[in-house]
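What follows is a short report on a single structure.
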Ligand code: HMG
């Protein structure tokens with residue numbers, strides 16, 4: 001028996017306990033602060049200590065999603081961790097998460113990788129599992145968790161970040177229902193951003209990556225538009241919100257511009273001020289209000305898109321129930337998916353459960369020396385059997401943390 005209604009039943013964010021102010025970083029790099037704050041749209045950037053790795057971030061987000069929505073770990077039949085900063089070439093992050101969340105032994109688990117598309121690939125795999133009738137009443141837990149690192153003094157440095165978004169996918173979603181018929185996909189082999197197996201840091205052809213992202217958006221849009229009855233369901237004017245992958249806030253603005261162009265079928269330049277004004281008004285209405293969390297966390301790769309979604313969900317009231325939003329995911333390399341989702345009836349009652357602002361407000365601000373020390377400390381930890389990590393030395397609160405390797409095995413503790 002196939003299931004038609006599948007969507008997001010619970011969602012939560014967890015991020016590192018420290019951050020750096022983008023003005024401080026700009027001054028240190030000899031750059032005008034306005035470039036990072038206005039030009040990229042970023043006011044702060046999450047900085048993970050060496051004890052906060054992909055596993056520890058994923059576990060904390062997964063725990064919050066289950067606890068705050070009252071979901072029994074025994075009800076999870078599939079666990080997917082989407083990440084491009086896995087901790088092992090072979091063993092998936094999902095196995096650690098499975099243990100620390102106390103999931104059932106008959107829960108299947110795996111890791112998905114396609115740069116920032118990995119979380120959405122996990123979402124669509126979970127939706128297919130449920131839609132095919134294989135879940136038999138159980139739910140899927142999908143966690144998008146990453147540490148975005150380009151390194152000190154690189155052009156990508158102001159677009160780093162870290163964090164995890166966990167969401168539960170079910171056939172009776174309390175938050176968001178995906179349209180099973182209208183969706184678009186796109187794949188093309190490009191070298192816009194990559195991280196070879198030997199490198200902790202990503203390499204990016206930054207400006208080219210922006211054009212690859214925008215072309216992928218147009219490609220995924222065209223695929224979605226080719227589906228039967230798409231023309232009545234997709235117009236931007238009918239959407240309450242448009243979510244995009246957010247490597248930095250300004251990228252979402254560029255994305256909305258291209259989304260608009262795809263819909264009207266031609267490019268819009270500075271020489272068309274009236275049309276530009278319409279695009280900007282639409283951006284202010286449908287996109288900008290939901291980018292505040294991304295502006296203070298930075299790029300969290302697979303989870304960035306879902307962080308914008310959390311920003312929307314934490315603000316909704318009953319008038320938004322039943323409204324539709326577009327959801328665009330991009331992963332360098334590259335691949336993209338465009339989905340459409342409807343706010344579930346009763347979703348507004350849950351908005352208080354998804355708001356991570358108190359956690360973000362309690363983060364500690366690092367000065368530049370502390371930030372650089374943390375970045376350097378993270379370089380020599382893995383595989384260094386003599387190095388032991390102590391969460392207390394980084395003043396971390398209670399939680400599960402990475403403690404280093406023993407006999408080539410990762411150690412976690414509280
Ligand atoms: P850059 O060359 O340092 O910056 O690289 P820029 O010169 O392009 O300036 C950035 C913006 O600031 C521009 O705005 C400037 O005009 C503006 P725009 O013209 O684009 O609208 N600006 C100022 N504004 C106000 N006051 C000023 C000022 N000065 C300049 N004084 C870049 C920026 C994003 C390319 C770089 O940081 C980078 O390479 N980042 C990493 C790659 C990246 O994030 N790519 C995004 C698309 S690909 C993607 O999203 C996938 C990804 O998440 C990975 C994955 O899939 O896993 C990255």
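Each value in this text was obtained by applying a stated rule to the coordinates, not by laboratory testing. As the structure is a computational prediction, the values presented were derived from the model and not from experiment. Positions of Cβ are backbone-derived with ideal geometry, glycine not excepted, and every protein chain shown enters the neighbour counts.
General remarks:
- Of 100, 401, 208, the residue with the greatest mean-square motion in the GNM of the chain, using alpha carbon springs below 10 Å, is 208.
- Debye intensity ratio in log₁₀ form over the Cα atoms of region 1-117, taken at each q of 0.17 Å⁻¹: -0.95
- Sequence-separation-based contact order of region 205-283, relative, with Cα cut under 8 Å and 6+ spacing, percent: 29 percent
- Cα-projected label distance for residue 264 with residue 88, points at 7 Å along beta-carbon direction, nm: 5.3 nm
- Region 245-394: relative contact order as a whole-number percent, Cα under 8 Å and 6+ apart: 19 percent
- Region 42-171, relative contact order in percent, only Cα pairs under 8 angstrom and at least six apart counted: 34 percent
- FRET E, pair residue 5, residue 281, Förster distance 30 Å, beta-carbon r, rounded to 0.05: 0.35
- Bridge orientation summary for region 267-406: considering DSSP beta bridges with both residues in this region, about 100 percent are antiparallel.
- Only beta bridges with both residues in the chain are counted; by DSSP, about 70 percent of them are antiparallel.
- With contributions of -39500 (n - 2.57) from each DSSP H run of at least four residues, the per-residue ellipticity at 222 nm computed over the chain stands at -9500 deg cm²/dmol.
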